Amino acid sequence: MRPEVGISKKHERYELGLARILRANPGKRNSHDGSHSAVLCSPERGFTLLELMMVLTLILILASFAFPSYQAVVVRGREAVLSNDLFMMRKVIDQFTVDKHQPPTSLDELVEAGYLRGGIPTDPFTNSDQTWIVDSADVSLGSDVTTSGIVDIHSGSELISPNGTPYSTW
(Lines give C-alpha, C1' and ligand atoms only; values in the text may rest on other atoms or scores of the structure.)
Protein backbone atom coordinates (compact mmCIF):
# COMPACT_ATOMS: atom_id res chain seq x y z
CA MET A 1 0.00 0.00 0.00
CA ARG A 2 2.82 2.40 -0.60
CA PRO A 3 2.18 3.81 -4.04
CA GLU A 4 5.10 6.23 -3.83
CA VAL A 5 7.53 3.31 -3.45
CA GLY A 6 6.20 1.61 -6.61
CA ILE A 7 6.42 4.84 -8.55
CA SER A 8 9.94 5.58 -7.40
CA LYS A 9 11.12 2.05 -8.36
CA LYS A 10 9.55 2.40 -11.80
CA HIS A 11 11.19 5.81 -12.16
CA GLU A 12 14.51 4.35 -11.03
CA ARG A 13 14.26 1.52 -13.59
CA TYR A 14 13.38 4.07 -16.27
CA GLU A 15 16.46 6.14 -15.39
CA LEU A 16 18.71 3.05 -15.47
CA GLY A 17 17.31 2.01 -18.87
CA LEU A 18 17.73 5.54 -20.20
CA ALA A 19 21.32 5.68 -18.95
CA ARG A 20 22.10 2.35 -20.66
CA ILE A 21 20.63 3.60 -23.94
CA LEU A 22 22.56 6.85 -23.76
CA ARG A 23 25.83 4.99 -23.15
CA ALA A 24 25.10 2.78 -26.18
CA ASN A 25 24.09 5.74 -28.41
CA PRO A 26 26.08 8.83 -27.40
CA GLY A 27 25.15 12.10 -29.02
CA LYS A 28 21.58 11.16 -29.96
CA ARG A 29 19.25 13.80 -28.58
CA ASN A 30 15.89 15.20 -29.52
CA SER A 31 16.46 18.12 -31.85
CA HIS A 32 13.71 20.25 -30.27
CA ASP A 33 14.56 20.44 -26.59
CA GLY A 34 17.78 18.44 -26.13
CA SER A 35 16.05 15.70 -24.17
CA HIS A 36 16.66 12.02 -24.73
CA SER A 37 13.10 10.99 -25.57
CA ALA A 38 13.89 10.53 -29.25
CA VAL A 39 16.36 7.78 -28.43
CA LEU A 40 13.65 5.61 -26.87
CA CYS A 41 11.27 5.99 -29.83
CA SER A 42 13.88 5.75 -32.56
CA PRO A 43 12.76 4.39 -35.94
CA GLU A 44 16.04 2.43 -36.02
CA ARG A 45 14.58 -0.19 -33.67
CA GLY A 46 12.78 -2.18 -36.42
CA PHE A 47 11.59 -2.30 -40.00
CA THR A 48 8.51 -0.56 -41.30
CA LEU A 49 5.72 -2.47 -42.97
CA LEU A 50 6.65 -0.89 -46.29
CA GLU A 51 10.24 -2.11 -46.03
CA LEU A 52 9.08 -5.63 -45.19
CA MET A 53 6.64 -5.65 -48.11
CA MET A 54 9.35 -4.48 -50.52
CA VAL A 55 11.72 -7.26 -49.39
CA LEU A 56 8.94 -9.83 -49.68
CA THR A 57 8.10 -8.57 -53.19
CA LEU A 58 11.74 -8.89 -54.28
CA ILE A 59 11.93 -12.43 -52.89
CA LEU A 60 8.77 -13.41 -54.77
CA ILE A 61 10.07 -11.90 -58.01
CA LEU A 62 13.34 -13.86 -57.71
CA ALA A 63 11.41 -17.04 -56.88
CA SER A 64 9.22 -16.57 -59.96
CA PHE A 65 12.37 -16.65 -62.10
CA ALA A 66 13.79 -19.71 -60.36
CA PHE A 67 10.65 -21.90 -60.30
CA PRO A 68 10.41 -22.61 -64.08
CA SER A 69 14.11 -23.50 -64.12
CA TYR A 70 13.55 -25.87 -61.22
CA GLN A 71 10.66 -27.55 -63.03
CA ALA A 72 12.78 -27.97 -66.19
CA VAL A 73 15.56 -29.60 -64.16
CA VAL A 74 13.08 -32.03 -62.59
CA VAL A 75 11.72 -33.02 -66.02
CA ARG A 76 15.23 -33.50 -67.42
CA GLY A 77 16.07 -35.69 -64.43
CA ARG A 78 12.99 -37.85 -64.98
CA GLU A 79 13.83 -38.12 -68.68
CA ALA A 80 17.34 -39.29 -67.82
CA VAL A 81 15.95 -41.95 -65.47
CA LEU A 82 13.42 -43.09 -68.10
CA SER A 83 16.08 -43.28 -70.82
CA ASN A 84 18.40 -45.29 -68.56
CA ASP A 85 15.61 -47.66 -67.44
CA LEU A 86 14.51 -48.29 -71.03
CA PHE A 87 18.08 -48.94 -72.16
CA MET A 88 18.68 -51.34 -69.27
CA MET A 89 15.40 -53.25 -69.72
CA ARG A 90 15.90 -53.57 -73.50
CA LYS A 91 19.40 -54.92 -72.87
CA VAL A 92 18.02 -57.41 -70.31
CA ILE A 93 15.30 -58.56 -72.73
CA ASP A 94 17.96 -59.21 -75.38
CA GLN A 95 20.20 -61.05 -72.87
CA PHE A 96 17.29 -63.23 -71.73
CA THR A 97 16.38 -64.06 -75.34
CA VAL A 98 19.95 -65.08 -76.17
CA ASP A 99 20.47 -67.06 -72.95
CA LYS A 100 17.12 -68.90 -72.88
CA HIS A 101 16.65 -69.17 -76.66
CA GLN A 102 13.22 -67.58 -76.32
CA PRO A 103 12.02 -64.07 -75.48
CA PRO A 104 10.41 -63.39 -72.08
CA THR A 105 6.63 -63.56 -71.98
CA SER A 106 6.34 -60.97 -69.19
CA LEU A 107 8.46 -58.55 -67.21
CA ASP A 108 7.85 -60.68 -64.12
CA GLU A 109 9.64 -63.55 -65.88
CA LEU A 110 12.73 -61.34 -66.10
CA VAL A 111 12.55 -60.71 -62.35
CA GLU A 112 12.03 -64.39 -61.51
CA ALA A 113 14.98 -65.41 -63.70
CA GLY A 114 17.23 -62.89 -61.91
CA TYR A 115 17.75 -60.53 -64.83
CA LEU A 116 16.09 -57.63 -62.99
CA ARG A 117 17.45 -58.06 -59.46
CA GLY A 118 15.80 -55.00 -57.96
CA GLY A 119 12.44 -55.78 -59.52
CA ILE A 120 10.69 -54.01 -62.33
CA PRO A 121 11.80 -50.35 -62.35
CA THR A 122 9.25 -47.65 -61.62
CA ASP A 123 8.32 -45.46 -64.59
CA PRO A 124 9.40 -41.96 -63.46
CA PHE A 125 6.45 -40.27 -65.17
CA THR A 126 3.65 -42.61 -64.03
CA ASN A 127 5.28 -43.55 -60.69
CA SER A 128 4.25 -47.17 -61.22
CA ASP A 129 5.97 -50.37 -62.30
CA GLN A 130 2.72 -51.68 -63.82
CA THR A 131 2.34 -49.11 -66.62
CA TRP A 132 5.16 -50.23 -68.91
CA ILE A 133 3.96 -50.97 -72.45
CA VAL A 134 5.56 -54.11 -73.89
CA ASP A 135 5.76 -54.90 -77.59
CA SER A 136 5.33 -58.60 -78.26
CA ALA A 137 6.15 -60.24 -81.55
CA ASP A 138 7.19 -63.52 -83.06
CA VAL A 139 10.94 -63.97 -82.79
CA SER A 140 12.87 -66.22 -85.15
CA LEU A 141 15.36 -68.31 -83.19
CA GLY A 142 16.78 -70.45 -85.93
CA SER A 143 15.97 -72.07 -89.21
CA ASP A 144 12.27 -72.86 -88.72
CA VAL A 145 11.79 -72.00 -85.03
CA THR A 146 9.74 -68.93 -84.05
CA THR A 147 8.30 -68.07 -80.67
CA SER A 148 6.26 -65.16 -79.33
CA GLY A 149 7.47 -62.88 -76.55
CA ILE A 150 8.52 -59.39 -75.50
CA VAL A 151 10.80 -57.66 -77.99
CA ASP A 152 10.63 -54.02 -76.82
CA ILE A 153 9.34 -51.84 -73.98
CA HIS A 154 8.04 -48.26 -73.72
CA SER A 155 6.82 -45.88 -71.03
CA GLY A 156 3.13 -45.94 -70.21
CA SER A 157 3.04 -42.17 -69.78
CA GLU A 158 0.75 -40.10 -71.96
CA LEU A 159 2.88 -36.98 -71.42
CA ILE A 160 4.84 -35.31 -74.19
CA SER A 161 8.49 -34.38 -73.76
CA PRO A 162 9.68 -30.76 -74.17
CA ASN A 163 11.11 -31.68 -77.58
CA GLY A 164 7.62 -32.75 -78.75
CA THR A 165 7.83 -36.55 -78.71
CA PRO A 166 5.54 -38.60 -76.49
CA TYR A 167 7.36 -40.55 -73.78
CA SER A 168 5.44 -43.65 -74.90
CA THR A 169 7.44 -43.65 -78.15
CA TRP A 170 10.87 -43.60 -76.52
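Just checking, does segment 158-169 include any residue being assigned to a helix (DSSP H, G or I), within 26 Å of Arg76 (Cα to Cα) and without any contact (Cβ under 8 Å) to a residue 40 or more places away in the chain? The answer is yes, given that some residue of segment 158-169 is assigned to a helix (DSSP H, G or I), within 26 Å of Arg76 (Cα to Cα) and without any contact (Cβ under 8 Å) to a residue 40 or more places away in the chain. For the criterion of being modelled with pLDDT under 90 and hydrophobic (A, V, I, L, M, F, W, C), Ala72 fails. Looking at Asp108, Asp94, just one residue is without any contact (Cβ under 8 Å) to a residue 12 or more places away in the chain and open to solvent by 30 Å² or more (accessible area, probe 1.4 Å), and that residue is Asp94.
The listed residues are Phe87, Phe65, Phe96, and the only one of them that is part of a helix (DSSP H, G or I), at pLDDT below 95 and under 22 Å from Glu109 (Cβ atoms) turns out to be Phe96.
Checking Asp152, Asp99 one by one, the residue that is touching an Asp or Glu at 6+ places or on another chain (Cβ under 7 Å) and over 26 Å from Val73 (Cα atoms) is Asp152 and no other. Working only within segment 44-77, note down all residues that are within 30 Å of Asp123 (Cα to Cα) and of a type in the set (Ser, Thr, Tyr). Matches in segment 44-77: Ser64, Ser69, Tyr70. Only residues that are at pLDDT 55 or above, in a helix (DSSP H, G or I) and surrounded by 10 or more Cβ atoms within 10 Å (Cβ to Cβ) were counted across segment 18-52, and they come to 7.
In the set (1) of a type in the set (Ser, Thr, Tyr); (2) over 12 Å from Met89 (Cα atoms); (3) part of a loop (DSSP other than H, G, I, E, B); (4) over 25 Å from the mean Cα position of the chain (by Cα), Ser136 fails one condition alone, (3).
The residues listed here are Phe87, Phe125; of these, the one that is among the aromatic types (Phe, Trp, Tyr), out of contact with any strand residue (DSSP E or B) (no Cβ under 9 Å at 6 or more places or on another chain), within 21 Å of Tyr167 (Cα to Cα) and surrounded by 15 or more Cβ atoms within 10 Å (Cβ to Cβ) is Phe125.
The values are calculated or read from the model by the stated rules, or taken from the named source; none is laboratory data. Just so you know, these numbers come straight off a predicted model, no measurement behind them. As a convention, Cβ positions derive from the backbone with ideal geometry for all residues, glycine included, and neighbour counts pool all protein chains shown. The protein model used for the area step is the full one, side chains on, heavy atoms only, and it has no ligands, DNA or RNA in it. Shrake-Rupley method; radii C 1.70, N 1.55, O 1.52, S 1.80 Å.
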